[in-house]
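Notes follow once the structure below has been shown.
The values are calculated or read from the model by the stated rules, or taken from the named source; none is laboratory data. Keep in mind that this is a model prediction, so the values were computed, not measured. Positions of Cβ are backbone-derived with ideal geometry, glycine not excepted, and every protein chain shown enters the neighbour counts. The area values use the complete protein model at the heavy-atom level, side chains included, leaving out ligands, DNA and RNA. Shrake-Rupley method; radii C 1.70, N 1.55, O 1.52, S 1.80 Å.
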Amino acid sequence: MSRHSFSAALGSSSVLAFTLACGDHALSPAPCSQVAVSITAGLQPAFSWDPACRIEGLSVRLSGPGPIVWSTMSYRLSNTIAAPVTYGVFPEGAAQTANILLPLVAGTRYQVMLFRLDDGPGGSLRSVGVTTFVP
């Protein structure tokens, strides 16, 4: 999947339809079919997950589903992102994907989605964790 088509997919409501499943990959020693997401307080929160498997990327959008305010994805399409990930800071080996980084607004509801890539490059993106938060 190209970065352009990935951005388009994240921009549509279809991203919520990704199934909550993923395979175990050599770069992710912990099982990763569904993770519990935790978020620190503040306008630049850190996102962590348990189990601590590696993911392909994450997106943050206005809740509803609303438009994306920030997203990141690994360069290699190989589930290399480890927790924690701080809002607006690209993890090593990752880049911005939706060409947007909006400041979070206190008191506003957001949704974060973590996803993995099944079967390597060209495989399917799968949501493994979604939660709503208010900074």
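Here are some notes:
- Every pair of residues 6+ apart whose Cβ atoms lie under 6 Å, when the first sits in the range 61-74 and is farther than 16 Å from F115 by Cβ while the second is among the hydrophobic types (A, V, I, L, M, F, W, C) and at pLDDT 95 or above: V69/V60; V69/L102
- Residue within the range 116-128 that is modelled with pLDDT of 95 or more and either open to solvent by 40 Å² or more (accessible area, probe 1.4 Å) or part of a loop (DSSP other than H, G, I, E, B) (or both) present: no
- Count - residues of the range 40-63 that are hydroxyl-bearing (S, T, Y) and under 26 Å from R76 (Cα atoms): 2
- Pair list, Cβ < 8 Å and 6+ apart or interchain, from the range 101-120 residues that are closer than 16 Å to A36 by Cα to residues that are in a loop (DSSP other than H, G, I, E, B) and of a type in the set (D, E): F115/E56; R116/E56
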